[in-house]
1. Residues of the stretch 289-323 being assigned to a helix (DSSP H, G or I) and of a type in the set (A, V, I, L, M), which ones?
2. Please state which one of LEU97, LEU139 is in contact with a Lys or Arg (Cβ under 6 Å, 6 or more places away or on another chain) and aliphatic (A, V, I, L, M).
3. Output the residue which, of all residues in the stretch 111-135 that are under 18 Å from the mean Cα position of the chain (by Cα) and in a helix (DSSP H, G or I), is nearest to ligand 2 (Cβ to nearest atom).
4. Cβ-Cβ below 8 Å, separation at least six or inter-chain, first residue in the stretch 257-272 and more than 13 Å from LYS206 (Cβ to Cβ) and assigned to a helix (DSSP H, G or I), second more than 13 Å from ligand 2 (Cβ to nearest atom) and of a type in the set (A, V, I, L, M, F, W, C): which pairs?
5. Residues that are within 10 Å of ligand 2 (Cβ to nearest atom) and either under 23 Å from THR38 (Cα atoms) or touching a Pro at 6+ places or on another chain (Cβ under 9 Å) (or both): list the strands (runs of 3 or more DSSP E) wholly contained in the stretch 163-239 that include at least 1 such residues.
6. Does THR336 meet the test of being away from ligand 2 (no atom under 12 Å from the Cβ) and without any contact (Cβ under 8 Å) to a residue 60 or more places away in the chain?
7. Might you let me know whether the stretch 157-164 holds any residue that is over 19 Å from HIS229 (Cβ atoms), hydroxyl-bearing (Ser, Thr, Tyr) and in contact (Cβ under 8 Å) with a residue 60 or more places away in the chain?
8. So which residues in the stretch 147-177 are of a type in the set (Ser, Thr, Tyr) and within 16 Å of ligand 1 (Cβ to nearest atom), if there are any at all?
Amino acid sequence: MSKSILITGGAGFIGCHVVQLFVTKYPEYKIVNLDALTYAGNLENLKSVEEASNYCFEKADIQDADALDVVFTKHHITDVIHLAAESHVDRSITDPLAFVKTNVFGTVNLLNAAKKAWAGELEKHLFYHVSTDEVYGSLHDGGFFTETTPYDPQSPYSASKAASDHFVRAYANTYKMKTVVSNCSNNYGPNHFPEKLIPLCINNIKNMRPLPVYGKGENVRDWLFVKDHARAIDTVFHKGKPGETYNIGGFNEWKNIDIVRLLCKKMDEKLGREPGTSEKLITFVQDRAGHDLRYAIDAAKIQKELGWEPSLQFDEGIDITIDWYLANEEWLNHVTSGSYQDYYSEHYTNR
Ligand code: NAD
Ligand code: TYD
């Protein structure tokens, strides 16, 4: 095998699409998926590749340094694509320490494991850190986040991701590790855990449950189809310049309320309901604490320098996404049973 790539968080939403892309596109690479299988990790996401001869799964926590050493040695890891993280802003508001543990401590642990395994030949190996545009803070007066926008994280989640980005760059500077960082806008698509806005609304519309819109629904997010993010990660991994940062986004800004209305309209059509039926479920609820107003990515650098572009229009991507959830009822039932019910009632009852 020409490369043995450790992908962390490969059982999660974005990770599973990255794993699938790499396993099928690069049969000459060995793909090792390391994941702790938290509430957000699900091996059902990987059914299409689990029998592939160039794929294997290691259940481990990135906080466990010994386990990481074993995996690096056993699989002769040549490169890392790091996605494992606690990823939900609302959970970071109730339990910030969990985010420090995985996103900060876990990332530094992984950097240490890579540095140890690659000692004496750091220039031959790449540590690719996958991050978010939320590290740049909130836009209030127009404009876009570029790669030189100063960091200004506003939530415990984005603060933990910002810290992890800084550690990756510090390891590049201090130990001369070969690293690259990308910061992407909000993703949507199949396999998205239904705690995030789009899959939560799809699931609730399907079940005729209230659609909780925070505040007035005026906050703006910039949405990218998850498979386009996976393609961008492939591009940055193979063509990105070491030491650089690439912003990834689709120039696709939407107010939350407009997305919720779009989902209602499309699902009424798909489910054969009277027009306007699902909109009646919209319920304005107490705003998120410290809610960032707007995120918007300027993705010109990756487009110009590396030739990546999003492939899907939002309308098409949303159709694919809704159709996937309607066709994968079993997946949805599995992930919304058990602890999801507790999370949902703690977070949304009497909000
Ligand atoms: P996710 O929550 O769906 O998946 C995270 C995965 O990491 C899960 O499989 C989980 O089991 C695993 N994990 C969590 N803690 C772990 C630990 N301590 N050790 C090992 N594995 C652990 O997240 P996602 O949406 O797929 O995001 C993946 C990465 O992309 C994250 O780093 C996130 O910050 C970043 N990102 C996400 C978005 C987005 O819109 N979802 C946008 C930009 C960047
Ligand atoms: P989310 O999907 O959690 O992503 P992020 O906070 O990382 O951008 O939220 C997207 C937007 O939707 C954000 O402005 C918060 C809002 N939101 C709601 O209005 N209701 C909800 O139930 C959720 C989960 C999010």
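The values are calculated or read from the model by the stated rules, or taken from the named source; none is laboratory data. None of these values were measured; they are calculated from a predicted model. Positions of Cβ are generated from backbone atoms using ideal geometry, with glycine treated the same way; all protein chains shown enter the neighbour counts.
1. Within the stretch 289-323, ALA300, ILE302, LEU306, ILE318, ILE320, ILE322 qualify.
2. The unique qualifying residue is LEU139.
3. GLU134
4. Close Cβ pairs (under 8 Å, with a partner that is more than 13 Å from ligand 2 (Cβ to nearest atom) and of a type in the set (A, V, I, L, M, F, W, C)) amount to LEU262/ILE318.
5. Ranges flagged: 186-188.
6. No.
7. yes
8. THR149, TYR151, SER155, TYR157, SER158, SER160, SER164
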